[in-house]
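Enquirer: After the structure tokens below, expect a handful of questions from me.
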Amino acid sequence: MRQIARQARNRGLRLGFVPTMGGLHEGHLSLVRLAKEQADVVIASVFVNPAQFNEESDYERYPRSLMRDADLLIAEGVDYLFAPEPAEMYPEGFDSWVEVERLSRKLEGASRPGHFRGVATVVLKLLQVLQPHFAVFGEKDAQQLAVIRRMARDLMLDTEILSGPTVRDEQDGVALSSRNALLDDPGREAAAAIPRALRAAGEALAGGERAADPLLEACRQVLAAEERLELDYLALVDPESFDPLESVSRPALLVLAARVGDVRLIDNQRLEPPAE
Ligand code: AMP
């Protein structure tokens, strides 16, 4: 893979990279399309990264569908699929880790100890193999995107980090996620409260509310009405640092994580200060 990428670069081609854990859906494919628009050669990876799972059972049951994923990527015109084995990425004796320290301790990182260390490490490794001109990540995983941008800046990586908007189910607004396949019908219904809650905050903002507390409360009310949904965190934060914000006086992110049964879902909504 390193050789293929190097040859493409040496021929003056622009390399775009889309890392995934497979179980591909329209969200992933939208990132592939974004990459296709800007690259001569697009490489996608499918690697269910054991290092970023803080629960063994979550890793074990994570949806795997490599052949189907390959078909979907071929249909999108992806040039190469990189699908390494865990033993290739983490051989015997592996002992080096990347930690984006402060950012990785907040919210999603606090709920999932070690998660962002696993993410940052595998992404750096993949970028080292491919050395692409750019890599594309989804805004759905907002804190992951912030971690990767921070790492790219801090470690002076020569890869530009691009992002694509969250793709949602047209019917119920649930953000597409490989884990959605693990929801039963009542679970899916409960999950639909998440986009409704985010919209409620957006509507409160449009109605003139700017302070964090009432915006969060608008969101929380919708979530609380759904018994099967257990909120993990809900916060209004700065999109780069993930520090809490008192109000939407500058672009902000409303981020949340919730459990429906034993399926953990995350989502977010960007909130912009209304024009004066
Ligand atoms: P994953 O396979 O879940 O690790 O995701 C691979 C990439 O796809 C990450 O950059 C995710 O943020 C992105 N992604 C996942 N779900 C969506 C979605 N619904 N819309 C846009 N991007 C997504």
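Enquirer: How about segment 22-47: which of its residues are of a type in the set (Val, Ile, Thr) and more than 9 Å from the ligand (Cβ to nearest atom)?
Expert: Of everything in segment 22-47, those that are of a type in the set (Val, Ile, Thr) and more than 9 Å from the ligand (Cβ to nearest atom) turn out to be Val32, Val41, Val42, Ile43.
Enquirer: Could you pull out every one of the helices (runs of 4 or more DSSP H) wholly within segment 72-114 that has 2 or more residues that are closer than 26 Å to Leu265 by Cβ and open to solvent by less than 40 Å² (accessible area, probe 1.4 Å)?
Expert: Numbers: elements: 86-89, 101-105, 107-111.
By residue number, 101-105, 107-111.
Enquirer: Tell me, which residue of segment 151-171 that is part of a loop (DSSP other than H, G, I, E, B) and within 13 Å of the ligand (Cβ to nearest atom) is surrounded by the fewest Cβ atoms within 10 Å (Cβ to Cβ)? Give the steps one after another, and end with the answer.
Expert: Our first condition is that a residue be part of a loop (DSSP other than H, G, I, E, B); within segment 151-171, this holds for 155-159, 165-167, 169-171.
If we keep only those that are within 13 Å of the ligand (Cβ to nearest atom) too, we end up with 165-167, 169-170.
Details: Pro165: 13, Thr166: 20, Val167: 19, Asp169: 17, Glu170: 7.
If we take residues in segment 151-171 being part of a loop (DSSP other than H, G, I, E, B) and within 13 Å of the ligand (Cβ to nearest atom), then Glu170 is surrounded by the fewest Cβ atoms within 10 Å (Cβ to Cβ).
Enquirer: Hey, among the residues in segment 37-55 that are under 20 Å from the mean Cα position of the chain (by Cα) and in a helix (DSSP H, G or I), which one's farthest from His25 (Cα to Cα)? Reasoning before the result, please.
Expert: So the first thing to find is which residues in segment 37-55 are under 20 Å from the mean Cα position of the chain (by Cα), and the list is 42-55.
Okay, now just the ones that are also in a helix (DSSP H, G or I), so 50-52.
On the way: Pro50: 21, Ala51: 23, Gln52: 20 Å.
Among those residues, the one meeting the criterion is Ala51.
Enquirer: Residues of segment 189-205 being over 30 Å from Glu276 (Cβ atoms), touching a strand residue (DSSP E or B) at 6+ places or on another chain (Cβ under 8 Å) and within 16 Å of the ligand (Cβ to nearest atom), which ones?
Expert: Within segment 189-205, Ala191, Ile194 qualify.
Enquirer: Could you please give the count of residues in segment 123-150 that are closer than 26 Å to Asn10 by Cβ, over 14 Å from the mean Cα position of the chain (by Cα) and either assigned to a helix (DSSP H, G or I) or charged (D, E, K, R) (or both)?
Expert: Looking only at that region, the number is 7.
Enquirer: Continuing with this model, one more query. Can you pull out every residue in segment 41-71 that is small (Gly, Ala, Ser), closer than 21 Å to Ala181 by Cβ and surrounded by 12 or more Cβ atoms within 10 Å (Cβ to Cβ)? Full working, then the answer.
Expert: Of the residues in segment 41-71, the ones small (Gly, Ala, Ser) are 44-45, 51, 57, 65, 70.
Keeping just the survivors that are closer than 21 Å to Ala181 by Cβ gives 44-45, 57, 65, 70.
Matches in segment 41-71: Ala44, Ser45, Ser65, Ala70.
Enquirer: Out of Arg11, Arg68, Arg6, report the one residue that is at negative phi, of a type in the set (Lys, Arg) and within 14 Å of the ligand (Cβ to nearest atom).
Expert: Details: Arg11 fails: within 14 Å of the ligand (Cβ to nearest atom); Arg6 fails: within 14 Å of the ligand (Cβ to nearest atom).
None of the other options fit; the residue is Arg68.
Enquirer: Taking segment 218-228 on its own, how many of its residues are part of a helix (DSSP H, G or I) and either crowded, with 16+ Cβ neighbours inside 10 Å or in contact with a helix residue (DSSP H, G or I) (Cβ under 8 Å, 6 or more places away or on another chain) (or both)? Step through it out loud before you land on a result.
Expert: Residues of segment 218-228 part of a helix (DSSP H, G or I): 218-224.
With either crowded, with 16+ Cβ neighbours inside 10 Å or in contact with a helix residue (DSSP H, G or I) (Cβ under 8 Å, 6 or more places away or on another chain) (or both) added as a condition, the list becomes 218-223.
Total meeting the criteria: 6.
Enquirer: Return the residue satisfying two criteria in turn: it lies in segment 99-147 and is closer than 24 Å to Ala39 by Cα and of a type in the set (Lys, Arg), and of such residues it is farthest from the ligand (Cβ to nearest atom).
Expert: Lys125
Enquirer: Now for a different question. Residues being outside any helix (DSSP H, G or I), within 17 Å of Val129 (Cβ to Cβ) and touching a residue at least 60 places away in the same chain (Cβ under 8 Å): count how many of those fall in segment 15-36. Outline the logic, then answer.
Expert: Start the filter on segment 15-36 by keeping residues that are outside any helix (DSSP H, G or I), which leaves 15-25.
Imposing the further condition that a residue be within 17 Å of Val129 (Cβ to Cβ) reduces the set to 15-21.
After this cut, where a residue has to be touching a residue at least 60 places away in the same chain (Cβ under 8 Å) as well, the list is 15-19, 21.
Residues in segment 15-36 being outside any helix (DSSP H, G or I), within 17 Å of Val129 (Cβ to Cβ) and touching a residue at least 60 places away in the same chain (Cβ under 8 Å): 6 in total.
Enquirer: Separate question: From Ser104, Ser57, which residue is among the small types (Gly, Ala, Ser) and touching a Lys or Arg at 6+ places or on another chain (Cβ under 9 Å)?
Expert: Details: Ser57 fails: touching a Lys or Arg at 6+ places or on another chain (Cβ under 9 Å).
Of Ser104, Ser57, the one residue that is among the small types (Gly, Ala, Ser) and touching a Lys or Arg at 6+ places or on another chain (Cβ under 9 Å) is Ser104.
The values are calculated or read from the model by the stated rules, or taken from the named source; none is laboratory data. It should be emphasised that the depicted structure is a prediction, and the values quoted were computed from it without experimental measurement. We place every Cβ from the backbone using ideal geometry, glycine too, and count neighbours over all the protein chains shown. Heads up: the accessible areas ignore ligands, DNA and RNA and are worked out on the full protein's heavy atoms, side chains in. Shrake-Rupley method; radii C 1.70, N 1.55, O 1.52, S 1.80 Å.
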